[in-house]
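Chemist: First, the structure itself, so that you have it in front of you.
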Amino acid sequence: MPWTRRHLLTIEELSLAEIGQIHATATAFKKILGRSVKKVPALRGKTIVNLFLEPSTRTRMAFDMAAKRLSADVISLDGASSSTTKGETLRDTAENIRALGADMIILRHAAAGSPLYLSKFLDIPVINAGDGAHEHPTQGLLDTFTMLEHLGSLKGRKVVILGDILFSRVARSNIHALTKLGAAVTLVGPSTLVPHWFTDLGVKVSHDLRSALADAEVVMLLRIQHERQSSGHFPSLGEYTSMFGLNKTRASWLNPKAIIMHPGPINRGVEIDSELADGDRSVILEQVTNGIAVRMAVLFLCSGGQPESVIPASA
Amino acid sequence: MSTYWIQNARIIDPAAKRDALGDLYISDGKFVATLSAAAKKRAKKIDATGLVACPGLIDVHVHFREPGQTHKETIATGSRAAAAGGFTTVVCMPNTAPVADNAGTIQLINDSVRRDAVVRVLPTGCITVGMKGAALAPIGSLKRAGVVAITDDGDCVQSNELMRRACEYAKMFDLPIMDHCQDHSMTVGAVMNEGVMSTRLGLRGWPNAAEDLIVARNAILSEHTGAHIHLQHISSRHSVDIIRRAKARGVKITAEATPHHIALTDESLATYDTHFKMNPPLRTEEDRRAIIAGLRDGTIDIIATDHAPHTDYEKDKEFDFAPNGILGLETALPVTLAILVRQEKFKLPFVIDLLTRRPAQLLGLPAGTLAAGAAADLCLFNPNEDWAYDAKAGFSKSSNSPWHGATLTGRVKTTFVAGKIVFAQGKIL
């Protein structure tokens, strides 16, 4: 099946087959990352613009690195240096970037739906690098890629996402990816941050850590932002940690082979004990490395590349 | 002044409980029972076969943006959109720039109305100075300058104490208080209904409860003070229930529903189209159904549009950043007919009542009737005509309508204000 999608806006709109194609392509690219010359000419002559209108370090660097590994020229713009601070609209900023000759825009934006909005009038691919509390599709893809490397298949496997789900685009993208891949997903956290509406997305919602963690094979922690305290979503970081922080005792409730994930940046001692973050069940840094391979796959496919051209026939 | 003989119309006059085929006569700007033989000979005859003749429609909730935001709409363009939609009386909200919180601004608006308007445009004044919710505006002076109600519209008065005093004070002048019911503390950053859709889309939700609380507060304050509080654009099913119970106790509250809240739900937001962004937001099917039920049993008194023009470039933004509001005047009648008459099987005279006699009664306006001697404000429409609505070709200065490009059924043919044709054959005269 050929890859036909030009934009990557959400995981919700991807088919299971498309997720598989991205993962397979990422597997092929991951091999390149282990070589001494970590570069292929796949996107030589293409210009990719990283338009990051909200702060990011990890995602932006990973996209930057991925584009460079594919030999594309990369320009990165952030909120402070762009004209949006002078009152220019997003449409005008994007159309100017297009007029300058960009072949692809990677957008990070605080407003949900903004990558879809750009894709409606731009004739170049738009890649969503996180839109508000909506989606962060490459994060969902790299997280499931990492889980698949460890678990083989996700069908029927118990995955727990723990933390601030309400405001999390990472959670939403993972929910869509995991449910498509057949995992049994439970969302856990204080009821203010895990509203019952989420059950409509095909997942369970729980506020009882013990029963939720029991036998789980993956636990994904999300960062707790202290701003949520002043908005009344929970009383204090201390209370959060005492109720929902992952510590050694609680980690012992997990399946003995369970992996611990976190999209970063982590708050040591808040959502996760420092020891666990650095422990042998933690795959947090693998996630970061896989982020490059997965983003290479996305940039390659959305630029018109086909999975068959990089995946060995035997695969 | 011309004499008109409108022939063979389906005449619907809810005030007279009239629904019959017949003729209508207009002379000297007023409806008359009949014309002399000589006058009949001279009269301009209008063949209204297949058309409904009803009182000119009345909309108690429009934003004409004048003064100060005339790039979006003016009294001239807004009143033309009204005429094209069959409306002969509209009530403007005071959230202009500057806001209409003093007699001078009301006078300025009334000067523009006299000069530019093609339908009757009635102003409202603010409840509080600057619409800031801190101190009462000069409500007596506003009344003297001609306002028909007071309201802080989009900026619902948050202080219960101040709202109580506003009620007591306005009651002295028999001025209704119109309230946009929204508890601000529960809607910080909110851009759509809170629920499954906001969860999916990652947008900040505006819960029903934020409306319900203020609706309940207003029912309590109306009961406490005896003032008439009119609840604007009810969107929540629980609010409908609160209003129903309060009315059963005899509390002097009234309520309106918009065509968009009876026609659309938050499912329409799936593509982040800002033409579905308004305040209060589109809610769920359950809410939509409850509002229709409220209209059916009289809990909700009237239809009002909340006509809220914004330019293309203002709406063409990220969903979070686009302003709230959509046009309403030119689509209100066909949309209301589609939902209430064709889908919900309301009787046409009942729906006309929601748009004519009842809003007139709500504000004590001498309108909404075809009675002999009344000013000849009249709407002639074909309830079965299909037409393609092109918002960009409409009379409003803006084109922010979710129905742009849709085929609508039910088309206004002719609008009379005080016996003068202001809209006919698709043109403003």
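The values are calculated or read from the model by the stated rules, or taken from the named source; none is laboratory data. Since the structure is predicted, the reported quantities are computational estimates derived from the model, not experimental observations. Ideal geometry is used to build each Cβ from the backbone, glycine not excepted, and the neighbour counts take in all protein chains shown.
Chemist: Restricting region B:151-188 to residues that are among the small types (G, A, S) and at pLDDT 95 or above, which is surrounded by the fewest Cβ atoms within 10 Å (Cβ to Cβ)? If you could, list the steps in order and put the result at the bottom.
Modeler: Filtering region B:151-188 down to residues among the small types (G, A, S) leaves B:154, B:159, B:166, B:170, B:185.
So of that shortlist, the ones also at pLDDT 95 or above come out as B:159, B:166, B:170, B:185.
Working: B:S159: 12, B:A166: 26, B:A170: 25, B:S185: 10.
Here the residue is B:S185.
Chemist: Considering region A:194-208 alone, what residues qualify as being more than 12 Å from chain B (Cβ to nearest Cβ) and either out of contact with any strand residue (DSSP E or B) (no Cβ under 6 Å at 6 or more places or on another chain) or of a type in the set (S, T, N, Q) (or both)? Show your work before the answer.
Modeler: As a first pass, look at region A:194-208 and keep what is more than 12 Å from chain B (Cβ to nearest Cβ): A:204, A:206-208.
Answer for region A:194-208, where residues must be more than 12 Å from chain B (Cβ to nearest Cβ) and either out of contact with any strand residue (DSSP E or B) (no Cβ under 6 Å at 6 or more places or on another chain) or of a type in the set (S, T, N, Q) (or both): A:S206, A:H207, A:D208.
Chemist: Still on this model: Taking the condition of being under 18 Å from A:L237 (Cβ atoms) and either among the charged types (D, E, K, R) or part of a loop (DSSP other than H, G, I, E, B) (or both), how many residues in region A:261-315 meet it?
Modeler: Let us first name the residues in region A:261-315 that are under 18 Å from A:L237 (Cβ atoms), namely A:262, A:264-274, A:276-277.
Next, only the ones that are either among the charged types (D, E, K, R) or part of a loop (DSSP other than H, G, I, E, B) (or both) stay: A:262, A:264-271, A:273.
Adding up the residues that qualify gives 10.
Chemist: Kindly indicate the residue of region B:194-239 that is basic (K, R) and over 15 Å from B:C167 (Cβ atoms) and also farthest from the other protein chains (Cβ to nearest Cβ) among those meeting that condition. Spell out how you get there, then give the answer.
Modeler: Within region B:194-239, the subset basic (K, R) is B:200, B:204, B:217, B:237.
Those still in the list that are over 15 Å from B:C167 (Cβ atoms) too: B:200, B:204, B:237.
Details: B:R200: 7, B:R204: 8, B:R237: 17 Å.
Selected residue: B:R237.
Chemist: So which residues in region A:1-37 are touching a strand residue (DSSP E or B) at 6+ places or on another chain (Cβ under 8 Å) and within 14 Å of chain B (Cβ to nearest Cβ)?
Modeler: A:H7, A:L9, A:T10, A:I11, A:E12
Chemist: Here is a further query. Test each condition in (1) buried (at least 21 other Cβ atoms within 10 Å of the Cβ); (2) under 19 Å from the mean Cα position of the chain (by Cα) for B:A263 and report the one that comes out false.
Modeler: The failed condition is (1).
Chemist: Select from region B:153-174 the residues that are in contact (Cβ under 8 Å) with a residue 40 or more places away in the chain and not in a helix (DSSP H, G or I) and list them in ascending order.
Modeler: Result: B:D153, B:G154, B:D155, B:C156, B:D174.
Chemist: So, one more: Could you tell me which residue of region B:278-322 is nearest to the other protein chains (Cβ to nearest Cβ), considering only residues that are among the small types (G, A, S) and assigned to a helix (DSSP H, G or I)?
Modeler: The extreme case among them is B:A290.
Chemist: Of all residues being surrounded by fewer than 23 Cβ atoms within 10 Å (Cβ to Cβ) and of a type outside the set (D, E, K, R) in region A:177-188, which is nearest to the other protein chains (Cβ to nearest Cβ)? Just the residue, please. It would help to see each step written out before you state the result.
Modeler: As a first pass, look at region A:177-188 and keep what is surrounded by fewer than 23 Cβ atoms within 10 Å (Cβ to Cβ): A:179-182, A:184, A:186.
Restricting the remaining residues to those that are of a type outside the set (D, E, K, R) gives A:179, A:181-182, A:184, A:186.
On the way: A:T179: 13, A:L181: 19, A:G182: 20, A:A184: 20, A:T186: 16 Å.
This residue is A:T179.
Chemist: Within region A:94-124, how many residues are more than 14 Å from every other protein chain (Cβ to nearest Cβ) and either under 22 Å from B:G202 (Cα atoms) or of a type in the set (F, W, Y) (or both)? Steps first, please.
Modeler: Kept after step one, since they are more than 14 Å from every other protein chain (Cβ to nearest Cβ), are these residues of region A:94-124: A:96-106, A:123-124.
Next, only the ones that are either under 22 Å from B:G202 (Cα atoms) or of a type in the set (F, W, Y) (or both) stay: A:105-106.
Total meeting the criteria: 2.
Chemist: Okay, moving on. For region B:18-31, what are the residues that are in contact (Cβ under 8 Å) with a residue 40 or more places away in the chain, surrounded by fewer than 18 Cβ atoms within 10 Å (Cβ to Cβ) and either aliphatic (A, V, I, L, M) or at positive phi (or both)?
Modeler: Within region B:18-31, B:D28, B:G29 meet the criteria.
Chemist: I'd like the residue in region A:151-209 that is touching an Asp or Glu at 6+ places or on another chain (Cβ under 7 Å) and in a helix (DSSP H, G or I) and, out of all such residues, is nearest to A:K257 (Cα to Cα).
Modeler: A:L151
Chemist: How many residues does region A:234-246 contain that are in contact with a strand residue (DSSP E or B) (Cβ under 8 Å, 6 or more places away or on another chain) and either part of a helix (DSSP H, G or I) or more than 19 Å from A:T192 (Cα to Cα) (or both)?
Modeler: Here is the first cut: in region A:234-246, the residues in contact with a strand residue (DSSP E or B) (Cβ under 8 Å, 6 or more places away or on another chain) are A:244-246.
Retained after the next criterion (residues that are either part of a helix (DSSP H, G or I) or more than 19 Å from A:T192 (Cα to Cα) (or both)): A:244.
Count: 1.
Chemist: Kindly indicate whether any position in region A:236-251 is touching a Leu at 6+ places or on another chain (Cβ under 8 Å), in contact (Cβ under 8 Å) with a residue 40 or more places away in the chain and closer than 29 Å to A:A26 by Cα.
Modeler: No, there is no match, as no residue in region A:236-251 is touching a Leu at 6+ places or on another chain (Cβ under 8 Å), in contact (Cβ under 8 Å) with a residue 40 or more places away in the chain and closer than 29 Å to A:A26 by Cα.
Here is a yes/no grid of residues against (1) in contact (Cβ under 8 Å) with a residue 60 or more places away in the chain; (2) touching a Phe, Trp or Tyr at 6+ places or on another chain (Cβ under 9 Å):
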residue	(1), (2)
A:E13	no, no
A:A24	yes, no
A:F29	yes, yes
A:G34	no, no
A:K39	no, no
A:P55	no, no
A:M61	no, no
A:G79	no, yes
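So that you can scan it fast, the table gives a plain yes or no per residue for (1) out of contact with any strand residue (DSSP E or B) (no Cβ under 7 Å at 6 or more places or on another chain); (2) surrounded by 20 or more Cβ atoms within 10 Å (Cβ to Cβ):
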{"residue": "A:I266", "(1), (2)": "no, no"}
{"residue": "A:G269", "(1), (2)": "yes, no"}
{"residue": "A:I272", "(1), (2)": "no, yes"}
{"residue": "A:L285", "(1), (2)": "yes, no"}
{"residue": "A:N290", "(1), (2)": "yes, yes"}
{"residue": "A:R295", "(1), (2)": "yes, yes"}
{"residue": "A:G305", "(1), (2)": "yes, no"}
{"residue": "A:S309", "(1), (2)": "yes, no"}
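Chemist: Give B:A82, B:A53, B:A97 a once-over and let me know the one that is more than 20 Å from B:R357 (Cα to Cα) and among the hydrophobic types (A, V, I, L, M, F, W, C). Don't jump to the end; show me each part of the working.
Modeler: Details: B:A82 fails: more than 20 Å from B:R357 (Cα to Cα); B:A53 fails: more than 20 Å from B:R357 (Cα to Cα).
When all the criteria are applied, what remains is B:A97.
Chemist: How many residues does region B:325-359 contain that are in contact (Cβ under 8 Å) with a residue 60 or more places away in the chain and assigned to a loop (DSSP other than H, G, I, E, B)?
Modeler: 7
Chemist: Could we say that B:T105 is part of a helix (DSSP H, G or I), among the hydroxyl-bearing types (S, T, Y), surrounded by fewer than 23 Cβ atoms within 10 Å (Cβ to Cβ) and not assigned by TED's automatic domain parsing to the domain that holds B:A9 here? Explain how you work it out, then say what you get.
Modeler: Values: part of a helix (DSSP H, G or I): yes; among the hydroxyl-bearing types (S, T, Y): yes; surrounded by fewer than 23 Cβ atoms within 10 Å (Cβ to Cβ): yes; not assigned by TED's automatic domain parsing to the domain that holds B:A9: yes.
So B:T105 fits the description; yes.
Chemist: Also, quick follow-up: Of all residues in region A:155-200, how many are in contact (Cβ under 8 Å) with a residue 60 or more places away in the chain, under 23 Å from A:D215 (Cβ atoms) and β-branched (V, I, T)?
Modeler: Counting residues in region A:155-200 that are in contact (Cβ under 8 Å) with a residue 60 or more places away in the chain, under 23 Å from A:D215 (Cβ atoms) and β-branched (V, I, T) gives 3.
Chemist: Just name the residue that is surrounded by the fewest Cβ atoms within 10 Å (Cβ to Cβ) out of those in region B:214-257 that are in contact with a Ser or Thr (Cβ under 6 Å, 6 or more places away or on another chain) and in a loop (DSSP other than H, G, I, E, B).
Modeler: Among them, the one singled out is B:K252.
Chemist: Scan region A:1-23 for residues that are crowded, with 16+ Cβ neighbours inside 10 Å and closer than 20 Å to A:L178 by Cα and jot them down. Before you say what the answer is, go through the steps one by one.
Modeler: Of all residues in region A:1-23, those crowded, with 16+ Cβ neighbours inside 10 Å come to A:3, A:5-12, A:14, A:18-23.
Hits for region A:1-23 are A:L8, A:L9, A:T10, A:I11, A:E12, A:L14, A:E18, A:I19, A:G20, A:Q21, A:I22, A:H23.
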